[in-house]
Amino acid sequence: MLTKELVAASTEPLILSLLTKGESYGYALIQKVKQLSEDKIGWTDGMLYPVLHRMECEGWIESRWGQAENGRKRKYYSIKKDGKKALKDQREQWIAVSVVFKRLWKEQYV
Amino acid sequence: MFNLEAAILEWRRQMLSAGIKTPVPLDELENHLRDDVEQRIRSGFSEQQAFDAAVRQVGCANGLKAEFQKIRATAGRNQMIQTIVILTALFGTVFGGAMMLPVLGRWHQAGILIWWPLVVGAVLVVVAGWGALYGIRRHRVAQGKNLISIGAIAAGAFYVVPLIQSFFVQKADLAGWIFCAVLAVVSVSFYGTCLHFNRRLSSPPAAPGANSS
């Protein structure tokens with residue numbers, strides 16, 4: 001399992017990355033992250049919503065109420081232009097960190 | 001016999017009494033809870049087991065309330081601070097400029113009566129400008145962008161108008177004309193920089209209550 005700090009730092013880019021593939025809703029986002037991380041990233045489900053609301057306040061994502069297949073209303077989120085910009089910045093930062101680790105560990109273990 | 005609808009109603013009541021405001025967050029959370037319960041039932045859980053597990057996974061009411069309150073408080077505070085910062089910056093720039101511009105017409109004259117408004121005006125413009133830059137960097141909110149855009153236009157217009165006017169006034173003071181041009185460029189560049197920073201800066205990350213340790 002990832003540490004709390006790392007999970008916290010990766011939340012926004014994860015949400016933004018998932019939303020670049022199309023609009024989605026809270027439950028689906030959580031399931032997708034669980035699936036992609038093979039259960040290594042575990043969010044307390046309810047806590048995702050304050051983050052989504054904050055990102056909406058930031059102007060990175062927008063939401064709309066729609067109807068699910070089962071007839072229930074559901075809140076869908078989609079990424080906005082500013083969100084794409086924010087993702088681009090965050091992506092560069094994560095890649096930079098990843099490159100450093102790759103180089104470091106390559107030197108150390110190969 | 002377990003009644004799912006009654007249990008959800010009771011969960012909703014507990015959330016409400018803990019301070020999770022309806023309708024948006026609570027409706028959204030309820031939808032999430034129902035999705036999770038359905039998924040767990042499909043995986044072979046009983047209704048009660050599915051409900052209990054889903055409620056645990058959503059998290060406790062007090063924790064959720066604290067997270068939503070943080071967002072509301074932060075957003076409200078940021079908006080207030082940024083509004084104050086921008087208004088102060090605009091006031092400082094305009095008031096400072098207003099002290100400076102009349103002096104420019106008597107640029108060649110000497111004496112404290114001529115120079116003090118120029119100095120005080122310049123200090124006001126610089127302090128207000130840097131205050132705005134600092135405030136915007138520290139308290140970024142999306143809504144501030146429009147205010148900054150208005151600020152950029154207002155500040156630009158404030159200095160550009162006398163500049164244009166100087167074209168039509170005979171015997172316009174050359175030094176004043178140049179000074180206005182420099183102020184216009186600096187002022188618009190400054191607010192443009194603020195706007196640029198405001199767009200580029202990202203907020204510190206917030207955790208969605210990580211389960212992992």
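Computed from the coordinates by the stated procedures, all read-outs in this text should not be read as laboratory data. Everything numeric in this text was worked out from a predicted model, so none of it was measured. Positions of Cβ are backbone-derived with ideal geometry, glycine not excepted, and every protein chain shown enters the neighbour counts.
Peptide A:95-103 shows a mean partner chain C-beta count of 0 within 10 Å per residue C-beta. Partner shielding of B:54-67 amounts to 3, given as the average count of beta-carbon atoms from other chains within 10 Å of each residue beta-carbon.
Could you work out the local net charge near residue A:66, counting Lys and Arg as +1, Asp and Glu as -1, over the other residues with Cβ closer than 11 Å to its Cβ?
+3
In plain terms, the residue of A:3, A:44 with the fewest other Cβ atoms within 10 Å comes first and the most crowded comes last, giving A:3, A:44. The stretch between residue A:97 and residue A:28, if pulled fully straight at 0.36 nm per residue, gains 22.0 nm over its current Cα-Cα span. When only the Cβ of Lys, Arg, Asp and Glu is charged (+1, +1, -1, -1), the dipole of chain A relative to its Cα centre reaches about 240 debye. Over chain A, the alpha carbon radius of gyration divided by the compact-protein estimate 2.2 N^0.38 Å works out to 1.21.
Distance between the pseudo-spin-label points of residue A:4 and residue B:46 (7 Å out from Cα toward the beta carbon): 3.4 nm.
Highest mean packing first, where packing is the average number of other Cβ atoms within 10 Å per residue, the peptides A:63-69, A:76-82, A:30-36 line up as A:76-82, A:30-36, A:63-69. Compared with the dominant Cα axis of chain A, that is its longest principal axis, helix A:4-20 is turned about 60°. Look at B:45, B:51 and count the other Cβ atoms within 10 Å of each Cβ; fewest to most, that gives B:45, B:51.
Neighbouring Cβ atoms from other chains, within 10 Å of the Cβ of residues in B:29-39, number 5 on average. With all pairs of separate Cα atoms included, the range B:4-59 yields a Kirkwood hydrodynamic radius of 11.3 Å. Model label points for residue A:105 and residue A:88, set 7 angstrom from Cα along the Cα-to-Cβ axis, are 2.9 nm apart.
Using alpha carbon centroids, what distance separates the range A:39-100 and the range B:27-56, in Å? Taking the Cα centre of the range B:27-56 as reference, the centre of the range A:39-100 is 22 Å away. Check the straight Cα-Cα distances from residue A:21 and name the lysines below 25 Å, setting aside those fewer than 8 residues away within the same chain. Output for residue A:21: A:32, A:34, A:40, A:73, A:75, A:80, A:81, A:84, A:85, A:88.
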